[in-house]
Every structure is written in structure tokens, then in C-alpha cells.
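Trainee: Okay, here's the structure, questions in a sec.
All of the numbers you see were taken from the coordinates with simple rules; none came from a lab. This one's a predicted model, so the numbers in the text were calculated from it and none came from an experiment. All Cβ positions, even for glycine, are placed from backbone atoms using ideal geometry, and neighbour counts span all protein chains on display.
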Amino acid sequence: MPKTAWTGYGRFCPLARALDVVGERWTLVIVQELMKRSSRYTDLTRRLPGIGTTVLADRLRRLEAVGVVERRPGPVGQGVVYAVTDRGRALEDTLAALRCWGVTYLTDPAADGADCHAFDVRYVEGIDALDDTEFGLIVDGNATTLRFADGHLEHTLGEPDHPELIVHHQRRVHGPLGRRHPHLGRRPHHRRRHIDRSDPGLGPLARRHRLPARLPTRGMTVTTTDAQARQDLFWELAEDLLTEPSVARSTMMGYPCLRANGAFFACVERSTGYLIVKLPARRVTELVAAGQALPFTPNGRVFREWAAFPVADRDEWVAQLDEARTFVDRV
């Protein structure tokens, strides 16, 4: 902690006033964690390696004082949990825009003057199941290598030697502005994919779009260009649903999602752009068996009432969103 407490910028300016509230180190990272789920103090210390307990307590106190975070009763015997308020939830688009802007720096480990970086990622759920390996990340043509070993991620410049996976990403205009004006930053419909198998699909939908009827395997290159196109389609379709008073935006396990009368019914997976909807378990089984959907298995756990749709077929997605909405309304 600094010897003298930070008191802000002292400027009568919307940006300066916003940074007075959330501009201190760790503050927005804490808000992002609480966007994913309400958490106890000890949960936050575990998920934020490197933050001191005094700093965490100070940031939570300040966020609570300005109405961004609040304390709520937790499960019986577990004390209180910290949760974002409606004012805090309003930062969701801002955080999404910052993440988009920051993608460039994922391939520039020297941006802050260091030659490389090592990150402790043991706090990530399911990370223990990941074998030591090497990944490639290419953003706008700039390559970087990510080496994972023993719960740590080392970040260096240059292409990997023996990658398990290479991810290509082209930055695009998205977020609230891109959703209101879909033509901004949008590539032509006939854009060329980096590698033919960048978009996995299954069964009849895969055949219709001439995609492989299987998921990516070792050594395959996956691009995020089409993943972003799927997200664009999701939010374009969501705009109509959001005109209904009962439908609202939210997050579920870190996924941007839609709720109807408080019940989650649809979300979009960030890295793939897959549409994920809630349906009766028997219906999910039928869709998966027919090759029209994938099971939803975050961190290896199967969610029996959720199905993932990898192919961005507008009519198909409209039908599935309507079916999911009807299902949660009846539950």
C-alpha cells in the first residue's frame, strides 16, 4: 500500500471521475471476477494471485462505498459474499471493450519493458487437468508463444516450435457500438478462412456448410475470425429479444448470456462463438445424437440441459433461441 492514499485526479471530467472510482490497480480485475460470480473474500484471494489482503480489503471497501459492489448473505454457515450491483453490472460493456483493446498486448510481452512474462494460473478451474504443453497465439499477424507447465504460463515472443494448438485472431469492431452498427469492422461474407478446418461442425449441419464432422484435434489451427462472426450473429438476434421487458443481459460462468424472468436460457461461448441454449435434457440428447449440436461441457462437466451449436445458421439459431425461451418460461 502507498504511504499516502490515492485521492483521485481532481478533475471535473467524466473519464477522470470514472477512474477515480475504478482506476486504481486491481479494481477492475476485482469487478471482472465478481461479474462471473458472487464470491467470498477468501475466494477472491485465491482467484487473484498476487494481490495483498490489505489491498483487496481496501478495494472492496471503496467499491462498496460507491455502490459498485455490495455484500450479501452467503449460504448458511459461509458468512457474506461480495456481488456487483446494477451500477457495477453497467461496467460490463466497458470491460468487454478493454479486453478487445488489450488483445494486441497478448502478443507483446515486452509492452511494459519486460522480455517475457510468467503467470501463475493455478487459480483457473480445471487447470490441473491440462498437461504441460505449448500453444501459439497470432494476433493481426504477430506471433507469440505460450508455454504451460506446472500451473504456470510463460509468455514469449515468436512462433512456437511444437504447438498443441495455434489460435489466429483478427481484431474487429465489436462491443455495444459494433452491435448497434453491425457494418463497422465487419469483413465481407466471402472472407477467406485461415485454415479450412477452423470451424468445427457435426452431422447434417457440417455437411451443409462443408465443414468437418468432428472437433479440432492436436496440431490444428483455430481462428477467432469466425468465432467473432458467431458472436455478432448472437447479439444481432439478441437485440430483438432484449426489447421484451422480461429479457435481460447477464453473465453465467463468465459467458455473456440472456435471462428471461431471471432464468438463464442462452449464452455465447467467448473463444468459439458457439450458441449455447437451455433445453430439456431429452431434447439435448436427441440433438447431439442427430449431430445437430454438441454437449456443453465446460471444464469437463456435462450440463445435461444445455446444448452448443457450432454452425452459425441464422434460421437454426432463431429456432433454438425461441425453443430455449419457451422452455425456461415453462419451468
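Trainee: Sorted by packing (mean other beta-carbon atoms within 10 Å per residue), highest first, where do 22-30, 271-279 land?
Mentor: 271-279, 22-30
Trainee: Could you derive backbone 3J(HN,Hα) for the range 77-82 from the dihedral phi with the Karplus parameters 6.51, -1.76 and 1.60 (θ = phi - 60°), listing whole Hz in sequence and x where the residue is Gly or Pro?
Mentor: Ordered by residue, 3J(HN,Hα) equals x, 10, x, 9, 10, 9 Hz.
Trainee: Could you give each residue of the range 59-65 its phi-based ³J(HN,Hα) in whole Hz, using Karplus coefficients 6.51, -1.76, 1.60 with θ = phi - 60°, and x for Gly or Pro?
Mentor: Coupling constants for the range 59-65: 5, 5, 4, 5, 5, 5, 5 Hz.
Trainee: Report the FRET efficiency, 1/(1 + (r/R0)^6), for Leu15 and Arg282, where r is their Cβ-Cβ distance and R0 is 56 Å, rounded to 0.05.
Mentor: In this case the efficiency is close to 0.60.
Trainee: How high is the relative contact order of the range 228-330? Use alpha-carbon pairs under 8 Å, at least six apart in sequence, and give a whole percent.
Mentor: Once normalised by length, the contact order is 24 percent.
Trainee: Can you compute 3J(HN,Hα) from phi for each residue in the range 21-31, using the Karplus curve 6.51 cos²θ - 1.76 cosθ + 1.60 with θ = phi - 60°, rounded to whole Hz and x for Gly and Pro?
Mentor: 8, 10, x, 6, 3, 6, 4, 5, 5, 5, 4
Trainee: Points 7 angstrom from Cα along the Cβ direction at Arg249 and Leu56: gap in nanometres?
Mentor: Label at Arg249, label at Leu56, 2.9 nm between them.
Trainee: What length, rounded to one decimal in nm, is gained on full extension from Arg304 through to Thr42, with 0.36 nm per residue of separation minus their alpha-carbon distance?
Mentor: Length gained between Arg304 and Thr42: 91.3 nm.
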